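Step one of this worksheet: look at the structure below.
No value in this document is a laboratory result; all are computed from the given coordinates. These numbers were taken from a predicted model, which means no experiment stands behind them. Positions of Cβ are generated from backbone atoms using ideal geometry, with glycine treated the same way; all protein chains shown enter the neighbour counts.
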Amino acid sequence: MNPSQLSVSSEMAGKTVAAIIRTSMPDLSWSQARRVVESRRVMLNDELCLDPARRVKEGDVVDILDWPQRLPEAFAADLVVRHLDAHVVVVEKPAGINTVRHPEELHWDQRRRDRAPTLDDRLQKTIAKRLGTSMPRLPRLRKVHRLDRLTSGLVVFARSALAEQELGRQFFKHTVTRRYLAVVPGRVTPQTVTSWLIPDRGDGRRGSSGVPGRGKIAITHIEIMEEFPQHTLLACRLETGRTHQIRVHLSELGHPVCGDPVYVRRPDGTSFTEGVDAPRLALHAVELGFVHPATHAPLHWEMPPPPELANWIESLRHGHSVD
C-alpha cells in the first residue's frame with residue numbers, strides 16, 4: 001500500500017477514523033480498519049491517532065502510512081513527579097499530551113482512554129506504581145489549572161477537596177507563581193500586556209476584543225532573558241491564566257511563539273513567516289510556586305526545558321537556525 005492522504009469533507013465530518021480509512025480502502029473490513037489505527041499507522045492532522053472511534057471534523061487531514069510510527073515521547077516516557085503528598089501532586093508535563101480529558105471524551109470507556117491517555121490518566125498510574133497500590137484506591141485528581149497540549153512544564157493537581165478549594169482560591173487571587181519561557185522571532189520590548197480576551201476574534205481564533213471590559217481580562221508580564229541573532233528568549237509571568245493567553249498576546253505583538261500552529265495568522269488573514277522551523281511549540285512552564293493548602297508552607301519548583309527544546313535554543317544561540 002502506498003501512503004495515502006485524505007482531507008475530510010463536509011460530508012465525511014462526524015465519521016470515525018475507522019470509517020474514513022474504509023472510505024479510502026474499501027476492501028478492508030471494519031476489524032482490519034481498526035487494526036490499521038491500533039498499529040500506529042494513522043496520522044490525524046500530523047499527529048499519531050490511536051483511537052479508531054475518534055470522530056473527525058471538516059478540514060481534518062488523515063494520513064495512512066506504510067509503517068508504524070513511533071509512540072510519541074509524551075506517551076512513551078516515564079512521568080517525572082516532583083512532589084507528592086495526600087493533598088497535592090506536582091508533575092513535569094511533556095509536550096504533546098492534554099492535561100485533562102475534553103468534556104466530550106468523559107464518557108469514553110477505559111479501553112478508549114488507554115489509546116489516547118491524558119496527563120491525569122498517566123499520572124494516576126504513576127502514583128499507583130509509586131505507592132504500590134491500585135488505581136481504584138487512589139483519590140481522584142482534581143484539576144486546578146492546565147497547560148496547552150503543545151506546552152511542556154510544571155503542573156499541579158489537587159488530591160483532596162481541601163487542596164482543590166485552597167489552590168483554586170490562590171489561582172483566583174493570582175498569588176500562584178507561574179513563569180514561562182517562550183522563544184519568538186525578532187526583538188521584543190519588555191512590557192506588561194493587558195487585554196480582554198474573547199473566544200473568537202472573527203476568524204475562529206481566540207484574540208483580544210480591543211474594547212476594554214468586553215471579554216476576560218488577561219495580563220502578561222514580559223521580560224527579556226536572552227537575545228539571539230534572529231530570535232528572543234522571553235520570560236512571561238502570568239498574572240491571569242486565560243486559555244492560550246501567552247500565545248495570543250505574543251502573536252498580537254507581532255512576535256508569535258515559534259512553532260505555534262494556530263496563532264500564526266493575523267486578523268487580516270495574512271500569515272507570519274518567521275519562527276516556523278521550531279521542532280515544537282517553543283513555550284515551556286519553567287516555574288511554579290504556591291502555598292501548600294494544608295501546611296501553609298511556601299513551595300517552589302523550576303524545570304529546565306526538555307532536550308528537544310533546549311537543543312534548539314542552543315542552536316539559535318549560535319545562529320544556526322534559518323527562518
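Could you check the simple spin-label distance between K15 and L131, using points 7 Å along Cα→Cβ, in nm with one decimal?
4.5
For V37, what is the net charge nearby, where nearby means another residue's Cβ is under 10 Å from its Cβ and Lys, Arg count +1, Asp, Glu -1?
Numbers: positive: R34, R35, R40, R41, R54, R115; negative: E38, D51.
For residues surrounding V37, the net value is +4.
Do you know the relative contact order of the stretch 1-57, to the nearest whole percent, from alpha carbon pairs under 8 angstrom that are 6+ apart?
Values: 58 pairs, mean separation 24.3, N = 57.
Worked out over the stretch 1-57, it gives 43 percent.
Kindly list the residues of the stretch 123-147 that lie in the label zone of A86, defined by a backbone N under 14 Å from the point 7 Å along the Cα-to-C-beta vector.
139, by backbone N distance to the label point.
How do F290, F272, F157 rank when sorted from fewest to most other Cβ atoms within 10 Å of their own Cβ?
F272, F290, F157
Please list the non-local residues whose amide H lies under 5 Å from the amide H of L283, H modeled 1.01 Å from N, same-chain partners needing a gap of 5 or more.
Counting only residues 5 or more places away or on other chains, the set is S152.
Using 1/(1 + (r/R0)^6) with R0 = 25 angstrom and r between the beta carbons of T273 and A76, what's the FRET efficiency to the nearest 0.05?
Numbers: r = 33 Å, r/R0 = 1.32.
Once rounded, the FRET efficiency stands at 0.15.
Set the Förster distance to 22 Å, then compute FRET efficiency between R265 and K57 from the Cβ-Cβ distance, nearest 0.05. Walk me through the intermediate numbers first.
Working: r = 18 Å, r/R0 = 0.83.
It comes out at approximately 0.75.
Remind me, relative contact order of the stretch 1-149 in percent, using alpha carbon pairs under 8 angstrom and six or more residues apart?
Contact order relative to length: 20 percent.
What length, rounded to one decimal in nm, is gained on full extension from L28 through to R140, with 0.36 nm per residue of separation minus their alpha-carbon distance?
The span from L28 to R140 would gain 36.3 nm if fully extended.
Determine the calculated [θ] at 222 nm for the chain from helices alone, applying -39500 (n - 2.57) to every DSSP H run no shorter than 4 residues and normalising by the residue count; nearest 500 deg cm²/dmol.
Per the formula, -6000 deg cm²/dmol.
Say each of E302 and D109 gets a label point 7 Å from the Cα, pointing the same way as Cα to Cβ; how far apart are those two points in nm?
Label at E302, label at D109, 4.8 nm between them.
Between R35 and H221, with labels modelled 7 Å along Cα→Cβ, what's the label distance in nm to one decimal, could you check?
Distance between label points: 5.8 nm.
Give me the dipole magnitude in Debye, nearest 20, for the stretch 207-323 about the Cα centre, with unit charges on the beta carbon: positive for Lys and Arg, negative for Asp and Glu.
For this selection, approximately 560 debye.
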